[in-house]
Amino acid sequence: MSTASIPLPRWINYGLIPILNLLTAFLISGFVVWLIGESPIGALQLLIEGALGSGEGIGFTLYYATSFIFTGLSVAVAIHAGLFNIGSEGQAYLGGLGCALVALALDKFVPWYVTMPVAVIGAGLFGAAWAFIPAWLQAKRGSHIVITTIMFNYIGAALMVYLLVHVLIVPGKMAPETRTFLEGGQLPKLGWIMDMFGAKLGAAPFNVSFIIALVAAWFVWLLIWRTKLGFEMRTLGVSPSAAAYAGIPYARIVIIAMLLSGALAGMMALNPVMGSSARLQVEFVGGAGFVGIAVSLMGRNHPVGIVLSAILFGILYQGGDWISFEMPNITREMILVIQGLVILFAGALEYMYRPAMVRLYQQFKRA
């Protein structure tokens, strides 16, 4: 019998195996750091110091984590329905367009707390709309969702460049970006959270979208494990033939799951567009859609795991910047290598230790 079909306790499957994967990634990363003549222990200390050693560092860490929570949830919702949505990057681009249009239209007339819920809806609708065509092609024509969503990433990026250069650009300016939103179109920072612990947020753009991300995580948990629709999605994801036998409509579930996935990816744009730069810029997604794949896989597609995994990747991003500043021999490209190793072991090789864990667990039960 394949070890993939043998159940393991949750503490092994959701705790021990991800920790082993992470430790392996850090050990190999430490070896790479040692090869270039730097201290692996020193690099690790700088990583922790840069990400968690100050209120500002924690703020940047949670800022990055916010984007990864949204995109991780986006990937997880699709996976539960048996779909691999690689298009969160493009869906986030279109979500940025949706929330930016709302902010540009309302920031002169209403305060941020009125603009925010409309912007959430706008970002979600635009992201869902960009996921609809790949979903329809998968449901009605059998086109593979991975191929179509990848291609829509490139189309979304090209569309965003065109709109910012030719339509939304501020007249007389060279930078391809919208005007800066007024206060009514900006999400306030969460400096009061840092103040509670006696720390200062500083320049970190940690903002209200973090709370929206946590609410979205709760919503995904409620949807997937506490609703009929979630049960139908999980059934389809586990066994399409069983879902068909139970009368679960394939096309409807595929389209709904992708619309929800696209909406969550679109809401990621709230963080950089309204919470950080207060304007729509080219490349604001910054690869968060692809990082969301690793975040979801490492978090075992569960909202709690995704939040924790997103914070880990936030630590890697913020701590990595600090390392490249304090250790000039470790360039930004080397930081990307380290992040890539974590993604490799947490994502592509997530079950590398599972066969050994199954054998050890079975021997322990017999003893």
Count - residues of region 301-356 that are loosely packed, with under 14 Cβ neighbours inside 10 Å and of a type in the set (Phe, Trp, Tyr): 1
Qualifying positions in region 191-220 - modelled with pLDDT of 90 or more, surrounded by fewer than 21 Cβ atoms within 10 Å (Cβ to Cβ) and among the aliphatic types (A, V, I, L, M): 203, 208, 211, 214, 215
Within region 11-54, considering residues that are open to solvent by 90 Å² or more (accessible area, probe 1.4 Å) and touching a Pro at 6+ places or on another chain (Cβ under 8 Å), the one nearest to residue 300 (Cα to Cα): 31
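Okay, residues lined up against (1) under 13 Å from residue 63 (Cα atoms); (2) of a type in the set (A, V, I, L, M, F, W, C); (3) assigned to a loop (DSSP other than H, G, I, E, B); (4) at pLDDT 95 or above:
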{"position": "242", "(1), (2), (3), (4)": "no, yes, no, no"}
{"position": "273", "(1), (2), (3), (4)": "yes, yes, no, yes"}
{"position": "294", "(1), (2), (3), (4)": "no, yes, no, no"}
{"position": "297", "(1), (2), (3), (4)": "no, yes, no, no"}
{"position": "309", "(1), (2), (3), (4)": "no, no, no, no"}
{"position": "315", "(1), (2), (3), (4)": "yes, yes, no, no"}
{"position": "321", "(1), (2), (3), (4)": "no, no, no, no"}
Subset of region 130-156 that is among the small types (Gly, Ala, Ser) and under 10 Å from residue 255 (Cβ atoms) - its residue that is surrounded by the fewest Cβ atoms within 10 Å (Cβ to Cβ): 139
Matching residues, region 69-97, being outside any helix (DSSP H, G or I) and of a type in the set (Gly, Ala, Ser): 81, 82, 87
Unmet criterion (only one of (1) closer than 27 Å to residue 144 by Cβ; (2) surrounded by fewer than 15 Cβ atoms within 10 Å (Cβ to Cβ)) for residue 80: (2)
Selection from region 174-190 of residues that are at pLDDT below 90 and closer than 24 Å to residue 122 by Cβ: 175
From the options 175, 157, 123, 128, residue that is closer than 27 Å to residue 290 by Cβ and in a loop (DSSP other than H, G, I, E, B): 175
Of residues in region 221-243 being touching a Leu at 6+ places or on another chain (Cβ under 9 Å) and free of Cβ contacts under 8 Å to residues at least 60 places away in the same chain, the one surrounded by the fewest Cβ atoms within 10 Å (Cβ to Cβ): 242
Qualifying residue in region 54-75 (condition: on the phi > 0 side of the Ramachandran plot and modelled with pLDDT of 85 or more): no
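The values are calculated or read from the model by the stated rules, or taken from the named source; none is laboratory data. No experiment lies behind these values; they were computed from the predicted model shown. Note: ideal-geometry Cβ built from the backbone for every residue, glycine included; neighbour counts use all protein chains shown. Heads up: the accessible areas ignore ligands, DNA and RNA and are worked out on the full protein's heavy atoms, side chains in. Shrake-Rupley method; radii C 1.70, N 1.55, O 1.52, S 1.80 Å.
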